[in-house]
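To start, the structure itself, in structure tokens.
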Amino acid sequence: MSIVVYIEPHKGKVKKASLEAVSYAANIAQQTGTSVTAVTFNIPQDCISDIGNAGADKILNVEGDIYSNTSSIKTIANAVTDVVKAEQATVIVFPFDGSGQAVAPYVAAKEKAGIIAGASEFPKINGDTLEIKKNVYSGKASAVYAINSSVKVISVLPNSVPLANVGKTPEVAAFQPSKTVSSSVKLDNFKINDDVAHGGVPIPDAELVVSGGRGLKGPENWGLVEDLAHVLGAATACSRPVADSDWRPHHEHVGQTGLAIRPNLYIAIGISGAIQHLAGVNGSKTIVVINNDPEAPFFKSADYGIVGDAFKIVPKLTEALKNFKAKQ
Amino acid sequence: MKILVPISQVPDTTAKISFTDNDTELNAAGVTFIINPYDEWYALVRALELKEAGKAEKVTLIHVGPAANEATIRKGLAIGADDAVRIDGDGDSSFVASNIADYAKNNAYDLILLGKETISFNSAATGGLIAGDLDWDYIPLATKLEVDGNSIKLEQDADGGVTEISAALPLVVSAAKGMAEQRIPNMRGIMAARTKPLQVVAPVASDSSIKVVSFQPSAGRQACVMISEDNVEELVELLHTKARVI
């Protein structure tokens, strides 16, 4: 018996969210006296030590070009399900990120397993029941759920649990799924966003995010946000009105109906902090708010605030950060 | 081609969230309930656009929940769905999904289009569960969806770029921001919604294996430290030494 954990295939690398999922699986294995089997797809040799370090005892590597070039959740989920059967796994752990977020429920349906998506802490285990905490109501609350199905699927919210550092050397074996499930789904093309092509960080992965709202008055002033982000090595984001008036693309909208993010630092410039915006950013570790309205509700949900004209403050802050970086 | 749009009922985006019954139930007092915005603004509206463009014959709403939720379902009919189905039951996401999958299979739907997640549970699980139950493929987080007969073209935001995907029906697709714009129902739609068919179906047996132990409202942050606009260096210092984020 083992705990199976899904490692998201990602351009020949292993993302931190997948390693956190391995650490989560290792925590359950330690509590239950079982072991951790990671399922990988065409994993490069140099990623194996990271997966072992995070707590995997064994790696079953599914080989075949089809798995590196597919957007089919069905194809991937069927391979994972075969590993689950081979390992007689009772708990299957995924990152709540990228393809893991979608493969997890698919596998849960196939295995008739209960699913908790977005676990934010290690579980409490009482016999066959796992108690798992997750955020609900878009970060306005958290819930503890008890799950008692015979097979359990758990996906782990990125940036929520500590990475283990146990230095295991996992045994690696090739795994052949019982059949390759074909799919009509074809990946036609990938167009990288301009900012990422020029060295920017994709917003969901960014540890630092600078965000602008209506207070910036128009798209011509966006350079203010970009200059500050550039000095920090941060991604840029925006509030809903900014995306809806097409100053910025939709994929930069953070908030309840856009993207929910949890960076280490979120700097909000000219954003009043409506409850819908907060729901997308309230998981940030540190929040800085710059706004000319001292009554802006965002100050009540921020760690640091500056009241004043963003057009004066932001260039000064950018300059101060440049000087700080130069001294590092 | 028939489209099935699963909708959830959630507290309004501005709702203050609190709990009752030993913190095991949402306190519904004073809370307005709405259709989950991802289901309504993006999935339902895109389904209606496809019908208007002659790419789909029918758009059906499906909801798993008690009779009290019918007002929310009628709102979806007012926006323009042709008819609606309410599965008369309640349970965890696996229960909801298996009931929707069962209805889709027995009534020959080709495309199931739903929001990427609910703003209440944020699990993003229902689409994948339905697809797994039906053994269909699943395309999550779509920002564009075009239909031409049996062929589907989609775009997905991922990894700092846009992935273009083609596929064939049947499919489950989850919708993210960008797919469509919110529509406000007009008076004619609201009147028409009153008489549109809303069928009530008994649930198929499926055990819920998940129970709430307790809910807890999120703790607020410590009071905000205000910094003078003439002293941004202090902010840099605090971010470095105190918050330790730079």
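Of all residue pairs spaced 6 or more apart or on separate chains, those with beta-carbon atoms under 9 Å, a first member in region A:60-71 that is without any contact (Cβ under 8 Å) to a residue 24 or more places away in the chain and a second member that is of a type outside the set (Ser, Thr, Tyr) are A:Asp65/A:Asn42.
Counting only residues that are in contact (Cβ under 8 Å) with a residue 60 or more places away in the chain and within 9 Å of chain B (Cβ to nearest Cβ), which one in region A:235-265 is surrounded by the fewest Cβ atoms within 10 Å (Cβ to Cβ)? Walk me through it before giving the result.
Kept after step one, since they are in contact (Cβ under 8 Å) with a residue 60 or more places away in the chain, are these residues of region A:235-265: A:256, A:260, A:262.
Keeping just the survivors that are within 9 Å of chain B (Cβ to nearest Cβ) gives A:256, A:260.
Details: A:Gln256: 25, A:Ala260: 21.
Within region A:235-265, the match that is surrounded by the fewest Cβ atoms within 10 Å (Cβ to Cβ) is A:Ala260.
Does any residue of region B:85-96 turn out to be within 13 Å of chain A (Cβ to nearest Cβ), within 25 Å of B:Asp207 (Cα to Cα), aromatic (Phe, Trp, Tyr) and touching a helix residue (DSSP H, G or I) at 6+ places or on another chain (Cβ under 6 Å)? Quick ask: steps written out before the conclusion?
Step one: filter region B:85-96 for residues within 13 Å of chain A (Cβ to nearest Cβ), giving B:91-96.
Next, from what is left, pick out any that are within 25 Å of B:Asp207 (Cα to Cα): B:91-96.
Adding the requirement that they be aromatic (Phe, Trp, Tyr) leaves B:95.
When the remaining residues are screened for being touching a helix residue (DSSP H, G or I) at 6+ places or on another chain (Cβ under 6 Å), the result is none.
No, there is no match, as no residue in region B:85-96 is within 13 Å of chain A (Cβ to nearest Cβ), within 25 Å of B:Asp207 (Cα to Cα), aromatic (Phe, Trp, Tyr) and touching a helix residue (DSSP H, G or I) at 6+ places or on another chain (Cβ under 6 Å).
Within the group A:Ser155, A:Ser160, which residue is within 11 Å of chain B (Cβ to nearest Cβ), under 27 Å from A:Gly52 (Cα atoms), surrounded by 18 or more Cβ atoms within 10 Å (Cβ to Cβ) and among the polar types (S, T, N, Q)?
A:Ser155
All of (1) among the basic types (Lys, Arg); (2) farther than 15 Å from A:Ala21 by Cβ; (3) in contact with a Phe, Trp or Tyr (Cβ under 9 Å, 6 or more places away or on another chain) hold for A:Lys134 with one exception: (2). Here A:Thr180 fulfils each of the conditions (1) out of contact with any Lys or Arg (no Cβ under 6 Å at 6 or more places or on another chain); (2) modelled with pLDDT of 95 or more; (3) of a type in the set (Val, Ile, Thr) apart from (2).
Out of everything in region B:108-138 that is more than 8 Å from chain A (Cβ to nearest Cβ) and part of a strand (DSSP E or B), what residue ends up being nearest to the chain's Cα centre (by Cα)?
Per the criteria, the residue is B:Gly115.
With respect to B:Val59, is the statement that it is under 13 Å from the mean Cα position of the chain (by Cα) and surrounded by 15 or more Cβ atoms within 10 Å (Cβ to Cβ) true?
Numbers: under 13 Å from the mean Cα position of the chain (by Cα): no; surrounded by 15 or more Cβ atoms within 10 Å (Cβ to Cβ): yes.
Here the answer is no, as B:Val59 does not meet what is asked.
State yes or no: is B:Ile165 surrounded by 18 or more Cβ atoms within 10 Å (Cβ to Cβ), touching a residue at least 12 places away in the same chain (Cβ under 8 Å), within 8 Å of another protein chain (Cβ to nearest Cβ) and within 30 Å of A:Asn148 (Cβ to Cβ)? Criteria not met by B:Ile165.
Residues in region B:183-213 that are in contact with a Phe, Trp or Tyr (Cβ under 8 Å, 6 or more places away or on another chain) and of a type in the set (S, T, N, Q): B:Ser206, B:Ser208.
The strands (runs of 3 or more DSSP E) found wholly in region B:188-246 and carrying at least 1 residues that are at the interface with another protein chain (Cβ under 7 Å from one of its Cβ atoms) and touching a Leu at 6+ places or on another chain (Cβ under 7 Å) occupy B:225-227.
Quick check on this structure: which one of A:Ser120, A:Ser99, A:Ser149, A:Ser184 is facing chain B (nearest Cβ under 8 Å) and closer than 30 Å to A:Pro249 by Cα? Break it down stepwise before answering.
Values: A:Ser120 fails: facing chain B (nearest Cβ under 8 Å); A:Ser99 fails: facing chain B (nearest Cβ under 8 Å); A:Ser149 fails: closer than 30 Å to A:Pro249 by Cα.
The conditions single out A:Ser184.
This table checks each residue for (1) β-branched (Val, Ile, Thr); (2) surrounded by 23 or more Cβ atoms within 10 Å (Cβ to Cβ).
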position: A:Ile3; (1), (2): yes, yes
position: A:Pro9; (1), (2): no, no
position: A:Lys16; (1), (2): no, no
position: A:Ala21; (1), (2): no, yes
position: A:Tyr24; (1), (2): no, yes
position: A:Thr34; (1), (2): yes, no
position: A:Ser49; (1), (2): no, no
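Under the condition of being in contact (Cβ under 8 Å) with a residue 12 or more places away in the chain, surrounded by fewer than 17 Cβ atoms within 10 Å (Cβ to Cβ) and in a loop (DSSP other than H, G, I, E, B), the residues counted in region A:180-204 number 2. Against the numbered list (1) surrounded by fewer than 19 Cβ atoms within 10 Å (Cβ to Cβ); (2) modelled with pLDDT of 95 or more; (3) farther than 30 Å from A:Phe96 by Cβ, A:Gln328 comes up short only at (2).
When the residues of region A:306-317 are filtered to those that are within 7 Å of another protein chain (Cβ to nearest Cβ) and crowded, with 22+ Cβ neighbours inside 10 Å, the one that is nearest to B:Ile17 (Cα to Cα) is A:Ile306.
Only residues that are surrounded by fewer than 22 Cβ atoms within 10 Å (Cβ to Cβ) and farther than 18 Å from B:Leu238 by Cα were counted across region A:296-305, and they come to 2. Conditions: (1) farther than 30 Å from A:Glu8 by Cβ; (2) surrounded by fewer than 14 Cβ atoms within 10 Å (Cβ to Cβ). B:Pro203 meets all but one. Number of the miss? Here B:Pro203 clears every test but (2). If we scan region B:128-149, do we find a residue that is in contact with an Asp or Glu (Cβ under 7 Å, 6 or more places away or on another chain), surrounded by fewer than 24 Cβ atoms within 10 Å (Cβ to Cβ) and small (Gly, Ala, Ser)? No, because not a single residue in region B:128-149 is in contact with an Asp or Glu (Cβ under 7 Å, 6 or more places away or on another chain), surrounded by fewer than 24 Cβ atoms within 10 Å (Cβ to Cβ) and small (Gly, Ala, Ser). Being farther than 22 Å from B:Glu117 by Cβ and among the hydroxyl-bearing types (Ser, Thr, Tyr) holds for only one residue in A:Ser160, A:Ser149, A:Ser183, and it is A:Ser183.
Look through region A:205-217, keep the residues that are part of a loop (DSSP other than H, G, I, E, B) and at pLDDT 95 or above, and return whichever of them is surrounded by the fewest Cβ atoms within 10 Å (Cβ to Cβ).
At the first step, the residues of region A:205-217 found to be part of a loop (DSSP other than H, G, I, E, B) are A:206-207, A:213, A:217.
Then keep just the ones that are at pLDDT 95 or above; that gives A:213, A:217.
Working: A:Gly213: 23, A:Lys217: 11.
It comes out as A:Lys217.
Just to be sure, is A:Ala268 touching a helix residue (DSSP H, G or I) at 6+ places or on another chain (Cβ under 7 Å), under 18 Å from B:Asp157 (Cβ atoms), crowded, with 22+ Cβ neighbours inside 10 Å and more than 10 Å from chain B (Cβ to nearest Cβ)?
On the way: touching a helix residue (DSSP H, G or I) at 6+ places or on another chain (Cβ under 7 Å): yes; under 18 Å from B:Asp157 (Cβ atoms): no; crowded, with 22+ Cβ neighbours inside 10 Å: yes; more than 10 Å from chain B (Cβ to nearest Cβ): yes.
Taking the combined requirement at face value, the residue does not satisfy it.
Of the residues contained in region A:9-17, none is found to be among the hydrophobic types (A, V, I, L, M, F, W, C), closer than 24 Å to B:Ser123 by Cβ and within 11 Å of chain B (Cβ to nearest Cβ). Of the residues making up region A:187-198, those that are within 30 Å of A:Ala229 (Cα to Cα) and facing another protein chain (nearest Cβ under 7 Å) are A:Asn189, A:Phe190, A:Lys191, A:Ile192, A:Asn193, A:Val196.
The values are calculated or read from the model by the stated rules, or taken from the named source; none is laboratory data. Please read these numbers as outputs of a predicted model, since none were measured by experiment. So basically every Cβ, Gly included, is an ideal-geometry build from the backbone, and we count neighbours across all protein chains shown.
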